[in-house]
Amino acid sequence: MREGRPRSFYVLAIFFAAYVLFLYGPMIAIYVLSFQGPQGGLTFPMNGVSTFWIAKLFQGTGIVDLGAAFRRSLLLGLVVMVLTVVLSVAAGMAFRRKFKAQSILFYSAIASLIVPSIITSLGISLEFRIIDDLIKAHWNENFETSMGLLTSGLGAHLTWTLPFGLLIMFAIFNRFDPRLEEAARDLGATPWQTFRYVVLPIILPSVIGIGLFGFTLSWDELARSSQAIGAVNTLPLDLQGLTTTVTNPDIYALGTVISAVSFTMIALALGTIHMLNKRQAAKGSNAGKGLV
Amino acid sequence: MSEEVLQQATPGLIPGSGAARAAKPTRLSPSFISWLQAGPMMLVFLAFFLIPLVFVVIVSFWDYNEYQLLPAFSGRGYTDTFEGCLAQLPELCTIGKTYLKTLKLCFLVWAITLFIGFWVAYFLAFHVKSKTWQMGLSLLCTIPFWTSNVIRMIAWIPLLGRNGLVNSGLTKAGLINHPIEWLLFSEFSVVLALVHLFTFFMVVPIFNSMVRIDKSLIEAAYDAGASGFQTLVNVIIPLAKPGIVIGSIFVITIVMGDFITIGVMGGQQIAAAGKIIETRVNALQLPAAAANAVILLAITFLIITMMSRIVDIKKEL
C-alpha cells in the first residue's frame, strides 16, 4: 500500500494556490483590460478587443511623453544593474576575509534596506540642495542644480539595490566550496586567474540573478526616486501621477508596457541562468575553460 | 572594479609563466585589497545614505519661511509638528492620531502577512519534496516582486471599484442593492494592497529558516509521540523564529514609512507617518519634513531594537 499525502498537504496546497491567484489575478486583469476596445472603460466586461490604447500610448498623443520617460528609466535601470553587479561581487569577495570596516559596511547595507525610503530620499534631496547652494555661493551664481537622473537619482537607486546584491553574495559564498580555490592555487593559478576561471564561472548564474534584481528594482523604483530624481520623471513616477486622474484604460496600457519590459528582463535572466546551470550539469563546472 | 583590483593583486609567482610578466607588480597587502573591493560600495552608502541621514538630522533643527531654508538653529520643525499636543491633552493631537493610525495599519498588515507568509513558506519547505518544484514554486512567488508596485496597486481598481467585478458580482447574485463603497480608496484597500505587495518579504526569510531545519528533528518529535500541532509549536516555530523576526522587521519598517500605497489606495485621504513627510516637502517646509523624518526614524529604530533583541540578525545571514 502506498503511503498517501497527509490531509494537511491538500489544505495547504489549496491555500498556496489561493495565494498565487491573489498575487497574479489582479495583474492579469489589467493586462487583459489594456486590450479594451476604443469605447471600453476601466472595468469588465470588455467592450471589444483592440490594441487601441497601447497604440495611442506609442503615438505620443496619450497621457505622458512615454518615449522620453521610457528611455530615461531604461538608461537608469541599466546603469544601476551594471553598478550593482560589479560593486556587489567586489564587496562580496571582500567579505570572505576579515577586514576592518566589515561590520560598518554590513550594518550600513542592512540599515539602507530598512530605513524608510522616504527618509533616504529626503536626505539625498537635502544633501544636493545644500551642495547646490554652496556652488552658487562660492563658484558659480548661475549654477542650476547638481540633482539629476544619473547623480542623485542613481545614488538613491543604489541604496536600494546594493543591499540585495550584497545579501545574495552572502548566500552564494555560504555554499561555495573554498577547496576549489585552494586546488586552483595549488595548481599555480594567480589570485586573478582563480577568480576569473574558477570562482566567477561557478557563481555566474547567481551573479546574473543580482543583475536581475538590480534592473527590476530600479525600473520599478518609486519611493526613493520621489524626492531625489530632480526635475525629470521616470516611468513609475509618471504612472503614479496618473493614478489620481484615472478615467480611461490608457493607464492600464502603460502598466502593461512597463510590465512587458520587466517580464522580458526576467525571462532573459532566468533563461540564461537555466542555460548556464544545464551546461554546468552536463560538463561539470566549466571552470578552467575560460568561457566567460 | 574587482577585476582591476585582482589584477593588481596578481603576484605573478608562477614558475614557467614568468616570462609574460617580467615586471612583477609589488604585492598588495590583503587588507588593502579588501579595502579596494569593499570601498566602492562603502562610498555609495556614505554619499547617498549616511551623509544624507546626517543632513536630515541637521536640517530638522533649521529655520524656514514660506519659500526657503534658513540655516540657523531653530526647534520650529519640531514645535510645528507637535503643535497643540500639550494643550489638547488628554485628547490626541493630529500627529498622535496619525501615528496611532499608522501603527494600527502596521499591526494589521504584519499579522496578516505573517499568517499567509508562514503557511506559504511551510508548504514550500515541508510539503514540496522535489527540489525542482520547490524552485519553481518559489520563483512563482518571487516574479511579482520584480514587477512594478504601482501597477500591482492599480490592478485592484477593476476588481474593487464601484462598478468592479466584486460589486457587480454581488449585485448580480442579489446579495447587495448598492455597490459597496469601502472596497476601494479606504483603509480596507490600503491593507489589502500592502498585504498583496509585501507578503513576499515574510515568505523568503521564513522559508530560509525552515529549509535549514533538520528533518530528523521532526521525525524525532513524531516518534516521541508529539501530535502535528505539538511539533509545530515546540519544534518548527522556535526554529523558524529568526526568519519570522527578520520578515517582521521588513514588513513593519516598510509599512511605517509607506506613503505611496497609502496614498494611491487610500485615495490620498488617509494620513500616515510617511505621508506627513511628503506633504511637508510639497509645502517646501523642509525642516518640518526633516523633523518628521527624525521622529519616524526614531520610532522605527525603537521597533527594530526591540525585535532584534529576540534574534541576532548577523548570525542568520
>> With a cut-off of 8 Å between alpha carbons and a minimum separation of six or more residues, what is the relative contact order of the stretch A:182-280 in percent?
In response: 37 percent
> How far apart, in nm, are two points set 7 Å out from the Cα along the Cα-to-Cβ line at A:Tyr107 and at B:Ile176?
Replying inline: 5.0 nm
> What does the convex hull of the alpha-carbon atoms of the stretch B:49-147 project to on average, in nm²?
Replying inline: 11.5 nm²
> For the charge dipole of the protein assembly as shown, defined by +1 on Lys and Arg C-beta atoms and -1 on Asp and Glu C-beta atoms about the Cα centroid, which residue among A:Phe195, A:Leu167, B:Ala271 has the Cα displaced farthest towards the positive pole?
Replying inline: A:Phe195
> If each of B:Gln88 and B:Ile58 carries a label point 7 Å out from its Cα toward its Cβ, how far apart are those two points in nm?
Replying inline: 3.3 nm
> What is the stretch A:63-161 by shape, rounded, prolate or oblate, if you read a ≥ b ≥ c off the alpha carbon gyration tensor as root eigenvalues and call it rounded for a/c under 1.5, prolate for a/b larger than b/c, and oblate otherwise?
Replying inline: oblate
> Counting Lys and Arg as +1 and Asp and Glu as -1, each charge on the Cβ, what is the dipole of chain A about the Cα centre in debye, to the nearest 20?
Replying inline: 1300 debye
> For the charge dipole of the stretch B:23-168, defined by +1 on Lys and Arg C-beta atoms and -1 on Asp and Glu C-beta atoms about the Cα centroid, which residue among B:Phe49, B:Leu92, B:Ser168 has the Cα displaced farthest towards the positive pole?
Replying inline: B:Ser168
> If you look for lysine pairs in chain B that are eight or more places apart or on different chains, how many of them have Cα atoms under 16 Å apart?
Replying inline: 7
> Residues with amide H under 5 Å of A:Ser146's amide H, sequence separation 5 or more or different chain, H placed in the peptide plane at 1.01 Å from N; which?
Replying inline: A:Asp132
> Membrane-span-like helices in chain B: DSSP H runs reaching 30 Å or more (Cα, own axis), mean Kyte hydropathy at least -0.5?
Replying inline: B:94-122, B:286-308
>> P(r) for the protein assembly as shown, please, calculated from all Cα pair distances in 20 Å bins and given in %.
In response: 17, 49, 30, 4, 0
> So which trypsin sites (Lys or Arg not before Pro) in the stretch A:137-199 end up in coil per DSSP with only 15 or fewer other C-beta atoms within 10 Å?
Replying inline: A:Arg175
>> Which residue, B:Val150, B:Leu232, B:Leu217, has the largest displacement toward the positive end of the dipole of the stretch B:104-248 when charges sit on each Cβ (Lys, Arg +1; Asp, Glu -1)?
In response: B:Val150
>> Out of the GluC sites (Glu not before Pro) in the stretch A:142-207, which ones are loop residues according to DSSP with at most 13 other C-beta atoms within 10 Å?
In response: A:Glu144
> Based on the inverse mean of 1/r over its pairs of different Cα atoms, what is the Kirkwood hydrodynamic radius of chain B, in Å?
Replying inline: 24.2 Å
> Under a 5 Å amide H to amide H cut-off, with H placed in plane at 1.01 Å, what residues pair with B:Trp62 once short-range neighbours are removed?
Replying inline: B:Ser74
> If you check each cysteine of chain B for another cysteine whose beta-carbon is under 4.7 Å away, which ones come up empty?
Replying inline: B:Cys106, B:Cys141
> What is the calculated FRET efficiency for A:Leu75 to A:Ile130, with r their C-beta to C-beta distance and R₀ = 22 Å, to the nearest 0.05?
Replying inline: 0.25
>> Shape verdict for the stretch A:79-127, please, from the Cα gyration tensor: rounded (a/c under 1.5), prolate (a/b greater than b/c) or oblate.
In response: oblate
>> Which of the three applies to chain A, rounded, prolate or oblate, going by the alpha-carbon gyration tensor with a ≥ b ≥ c and a/c under 1.5 meaning rounded?
In response: oblate
>> Using a 7 Å offset from the Cα along the Cα-to-Cβ direction at both B:Leu100 and B:Val211, what is the distance between the two label points in nm, to one decimal?
In response: 4.4 nm
> In the stretch B:177-226, what is the volume of the convex hull around the alpha carbon atoms, normalised per residue and reported in Å³?
Replying inline: 128 Å³
> Counting Lys and Arg as +1 and Asp and Glu as -1, each charge on the Cβ, what is the dipole of the protein assembly as shown about the Cα centre in debye, to the nearest 20?
Replying inline: 1960 debye
>> Would you calculate the convex hull of the Cα atoms in the stretch A:1-145 and tell me its volume per residue in Å³?
In response: 301 Å³
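A short reminder: the numbers here are calculations on the coordinates, not readings from a lab. Because the structure is a prediction, the values reported are computed rather than measured. Heads up, the Cβs are rebuilt from the backbone with ideal geometry, glycines too, and the neighbour counts pull from every protein chain shown.
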